[in-house]
Structure formats: structure tokens, C-alpha cells
Amino acid sequence: MAWQALTPPGEDFSKWYNEVVYRADLADQSPVRGSIIVKPYGYELWENIKAGLDRRFKATGHQNAYFPLFIPESFLKREAEHVEGFSPELAVVTIGGGKVLEEPYIVRPTSETIIMDAFHNWIQSYRDLPLLLNQWANVVRWEMRTRPFLRTLEFLWQEGHTAHATFEEAEAETLQMLDVYADFAVNDGAIPVIKGRKSDQERFAGALHTYTIEAMMGDKRALQSGTSHNLGQNFAKAFDIQYLDRNNERQYCWTTSWGLSWRILGGVVMTHGDDKGLRLPPKLAPYQVVIVPIFKNDDEQGVVIETATRISRELASSGIRVHLDKREDLSPGFKYNYWELRGVPVRVEVGPKDIEKGSVVAARRDIPGRDGKQFLSQENLAAQLSALLDEIQTNMLRQATEFRDANLHDVKNYDELKQVVQQGGFARGWWAGSPDDEAHIKGETSATHRCFPFDQPDGTGACLFTGKPADKIAIFAKAY
RNA sequence: CGGGGUGUGGCGCAGCCUGGUAGCGCGCAGCGAUCGGGACGCUGAGGUCCACGGUUCGAGUCCGUGCACCCCGACCA
């Protein structure tokens, strides 16, 4: 009994999160402050996230490209708001090859500027539009305080950058990509998200509009899980991206950018995890099924391993990501806990009794204890498990949605907002406040304006803070 | 950048107050036993005690300086 139980999430969510990330082999601490090593299991999870997104990007007409890690310092300065927003957190290279550089290079915190510089060269005609690119890359932001995956000095993400002929097209693109993010989060990540628009206070440095998907974590705090920006003509003007329209007139482009990082991986952990560790949605899980063989002696071991291997091959050939845990000297109970910590959606147990009966035991991670266990026939097992995985995916989304809805409260006034924030959860109410009002609320409650949800009620109401007439509702919550 | 904490085998820690050149648990290796919810036994490998300077016959321990990392806040994907 020397193993150490996880800190229960209800006791100290932050501590629980750190323990899960490290103990479930997602990541390791690195010698570099605020930077993590992503271990194979965590990286495979990220690869599945990438695959789900990349497929959607391609389906909406985008192509991948790759731009340099280093950006000339002067590029950042071309868009005033942009440089102001990012300069506090830049890493700057001043020496290369032992020589002081004439112009320092910025290690990209985001790539708008260097990509817009290329767009300047690439776009001449309306026939060149729209230009729809995406880049998978690492970026660096020198953050004060870091947390694995949620905020690291260096992180992996994708950043889409597009240029369009009109505001309407750029706006449509911005909203389309937000839909893509939401579709991915909901259907692959089983994370219910609220789509909305950021307040001016919270929008991206240099953007006209920033749209966001906001998710509720297991501690009822909000996680901004992906953002999509309509950059208007701000960057097009700063980088002189002009095209000749059908009437042979020069026009500035309208550009967008949209990004989603490995933070979403932290979101998966914090949305679904429980006191036994990770719970991974089947669509993202590196292993969807793990097979634990059970035997008492060499005779049993022979036949059990043989059967388990056969089943494993059958499942793999049906496209199920399966792993057979053949490790010896480890008891089944140990393996159950081991794989539960790592969030594998389904555990299949194969023992002598199962072989007698032609069955297996299937235990689902989303339903704890005996309730989640059932016997399945070895006949047609792949189809049965595929159906079970679908059911788990659906159930996890349902559980997360119920939790989110149960902690999303409508508030009429500031007192109610404070109460909601204090007990944990999202506070939703009419809002007509100023940036100063937002700052005031943040100062007093540490809750921030998360978004104006797209889903708006009819009519108008009194602002929860100022009492002034408001035509929009907003959501406030403590956020990561 | 403000506040707090910690640096001792791979990990978690004790030892420091009351100086006498290292110990526990886990993990790891070998053998055996066990295996339907984290069982076990025996044997073994593994440490310039964060760095530098000082006090001392002698420093993990006392003093000074520095560095690093973690946690809590303000800033952010």
C-alpha cells in the first residue's frame, strides 16, 4: 500500500491537475522554467487533437504552410496595438553566431506580422483571394506564471491566417473557424463550449473582433479554448496588403487569424478528469481499449495471452486503437489503476473464465465501479466495442454539459454575480458596462468578462452592474 | 514584479535547532512467490547533500553571497 492516491480534485483542483498531468505520463518538468517536456502518451493525445483539427481545416479549404521562427523586430512594431499587446512577453535574440545582430530577432509569439509580410508579396489581384493558410508551430510568450499545457513559455498550436476581398468575407471566415473549433471541441473533445464575442477589453491586440469558445472546467472556472479574430484592415494597412479589384482599383485586404493551442489538452484533462485520473474521450484517446490478461499459472498464461493477442489483432484491424498490457509481475488490479489514471475509455479483461465462456469483461472509464462493467461475447467484439466507444463519447459530452449547465446561472445584479462567482460557476446577465466597469468587477471578484454569447435572448434588460438599459447578455467567470 | 516555499540517490522526504563526511519510503535490477481491483519475500545497484566564499581540527548541518525551481497574486492562448 505504498502508492500515493491522487489529491482529490474537490480538495485542491490545481494540485490534482498537476499530479494528473505528470503521473498520467502526459508531460514532465523540464530544466527550462515554465517549459514542459511532452511525453509520448501526451504527445499522441496532441497528435489526435491535431488530426481532428487539421482534417477540418482542409475540409474548409485551408492549406498548411510554415513560416520562420524568428521575426525581425521591426515587423512587430508596424501594428501599434499589436506590439503594445505583445512586447511585455517577447523573447528576443540579439546574438547569432557569436555576433551582435544588426536587427534583433523576435522569437514569434504569434505570426501575424511575418505572414502578413509574405501576403504583401503574394497578393496582387482579387484573383489571389481568398488566401487561406494555416501553420502548425511552436510559439514563445514569456509568461510570468506558468502551468503545464495551460500556460507555458513555449507552446504548440496552430494559427490560421487568411486574407479576403471584403469585410463580409473576412467576418464569415472568422465565424466559420470558430464553428470549426466548437465542432471539434464538442464532437471530438466532448467539451461543451459557449461561442461568443470578446469584449473590447479582452480582444486580441490588433483585432477588430475576437470570437471565442469558452468551456467550463471541473472547478467551474472558464477556459478560453480557442479564438478567432477578424483583424479588419489593420494588418493589411500596416503591411500594405493591397489588391486590384475587378474595376482595376486598389483595395486593402481584410484579414483574419485564429488559433488553438495545446491548452485544449489541459481542457480535456480538466473537463473530464476525476479522482482516479484522466478520462479521455474515445475520439482523442491514444488507446481506446486496453486489454488486461488475467491468469494464475503458466498454463493459464499461455492460453490467455493467446486469446488476448488474437482479440487485440481483431480490434486493431477494425481500426480500434488497442493496447495489450502483457507486462508480467504486475497484478491485474495494479493495471486497472494504471490505465484508469491514463484515462483509457474501455478496459477489456480476458481471463480463464472468459475463455471458457467465450466472453470478455468490458469496463468503461466513464462509469465507475461495477455499473460500468459488462460481459461481452468474443463474437463480433470489435463492433460491440465500437458501439460502446461511441456511447462513451456521447455520455462524456452529456456529463460535461449537465455539469456546465448546472453551474451556469443567470444573474440580475452585482450581488448575484458575486455570489455565483464565489460559489463557482458562470454568471450570465445583461451587460452594458464600460471597460472600467469590467476592471472593477475583476478587481473585486477576480471574475472576467468571458464573452457576449452568440445565443442571446430577445429584448433588452437592465445591466447587472450599472442598471443601464442593455441589449446583450454577457458571461462572467473566473478564468484560467 | 510583489508574497511564500524548496534545493540531500530517478521520485517523495528525514537529518540541520544541539557540527563528527548520509538515512527512510517508493521506484529500479536479479531471483522466488503472487495474479478477476494497487499483496509479498530475499538480494542488490544508485548520492561531489544547488553553487561559491567564510567560521572550524572537522560543515548536509553554522554565517554570507549568488543561482535555480515550485506555489500564491497582478498580465496572458
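Quick one: which of A:335-346, A:440-451, A:15-26 comes out on top by average Cβ neighbours within 10 Å, and what's the full order, highest first?
Output ranking for A:335-346, A:440-451, A:15-26: A:335-346, A:15-26, A:440-451.
Placing unit charges on C-beta atoms (Lys and Arg positive, Asp and Glu negative, everything else neutral), compute the dipole magnitude of chain A about its Cα centre in debye, rounded to 20.
Dipole of chain A, to the nearest 20 debye: 520 debye.
Could you check the spin-label model distance between A:ASN64 and A:GLU81? Points 7 Å from the Cα along Cα→Cβ, value in nm.
A separation of 3.2 nm, rounded to one decimal place.
Which of rounded, prolate or oblate describes segment A:13-272 when judged by the alpha-carbon gyration tensor and an a/c cut-off of 1.5?
oblate
If packing is taken as the average count of other Cβ atoms within 10 Å, what order do A:141-154, A:165-178 fall into, highest mean first?
A:165-178, A:141-154
Calculate, in nm to one decimal, what A:ASN247 and A:LYS296 gain on full extension: separation in residues at 0.36 nm each, minus their alpha carbon distance.
Separation in residues times 0.36 nm, less the Cα-Cα distance, equals 9.4 nm.
How long is the gain from A:LYS357 to A:MET144 if the chain were fully straight, where each residue apart is worth 0.36 nm and the alpha carbon distance is subtracted?
Value of the extension gain: 70.8 nm.
Place the peptides A:70-80, A:232-242 in order of packing, highest mean first, counting for every residue the other Cβ atoms within 10 Å and averaging per peptide.
Result, highest mean Cβ count within 10 Å first: A:232-242, A:70-80.
Taking the dipole about the Cα centre of segment A:110-269, with the C-beta of Lys and Arg at +1 and of Asp and Glu at -1, give me whichever of A:THR174, A:SER125, A:LEU265 is farthest to the positive side.
Ranked along the dipole, the leading option is A:LEU265.
With just the Cα atoms defining each centre, how far is segment A:367-417 from segment A:35-87? Give it in Å.
31
Under 20 °C and 1.002 mPa s, how fast does chain A diffuse according to Stokes-Einstein, given a Kirkwood radius computed over C-alpha pairs? Answer in µm²/s, whole number.
Once the numbers are plugged in, D ends up at 87 µm²/s.
Take every DSSP beta bridge whose two residues both sit in chain A, then give the antiparallel share in percent to the nearest 5.
On the way: 71 of 86 bridges.
DSSP beta bridges in chain A are roughly 85 percent antiparallel.
Going by the alpha-carbon gyration tensor, a ≥ b ≥ c the square roots of its eigenvalues, is segment A:117-196 rounded (a/c under 1.5) or, if a/c is not under 1.5, prolate (a/b greater than b/c) versus oblate?
In terms of gyration-tensor shape, oblate.
Helix A:40-59 versus the longest principal axis of chain A: what angle, 0 to 90°, nearest 10, using Cα atoms?
50
Is the shape of segment A:428-468 best called rounded, prolate or oblate, per the rule: a/c under 1.5 gives rounded, else a/b larger than b/c gives prolate, else oblate, with a ≥ b ≥ c the square roots of the Cα gyration tensor eigenvalues? Numbers along the way, then the final one.
Values: a/c = 2.60, a/b = 1.55, b/c = 1.67.
The shape class here is oblate.
For the pairs A:LYS195/A:LYS418; A:LYS77/A:LYS99; A:LYS283/A:LYS326; A:LYS283/A:LYS418; A:LYS58/A:LYS220; A:LYS15/A:LYS335, flag any whose C-alpha to C-alpha distance is greater than 31 Å. If you can, show how the numbers build up before the last one.
Working: A:LYS195/A:LYS418 23 Å; A:LYS77/A:LYS99 24 Å; A:LYS283/A:LYS326 24 Å; A:LYS283/A:LYS418 37 Å; A:LYS58/A:LYS220 34 Å; A:LYS15/A:LYS335 24 Å.
Exceeds cut-off: A:LYS283/A:LYS418; A:LYS58/A:LYS220.
With θ set to phi - 60° and the Karplus curve 6.51 cos²θ - 1.76 cosθ + 1.60, what are the ³J(HN,Hα) couplings of segment A:239-252 in order, to the nearest whole Hz, using x for Gly and Pro?
10, 6, 9, 10, 9, 8, 7, 4, 8, 6, 10, 6, 9, 7
Bear in mind these aren't lab numbers, they're just calculated from the coordinates by the rules spelled out. Only a predicted model underlies this, so the values are computations on that prediction, with no experimental measurement involved. Note that we place each Cβ from the backbone using ideal geometry, even for glycine, and neighbour counts take in every protein chain shown.
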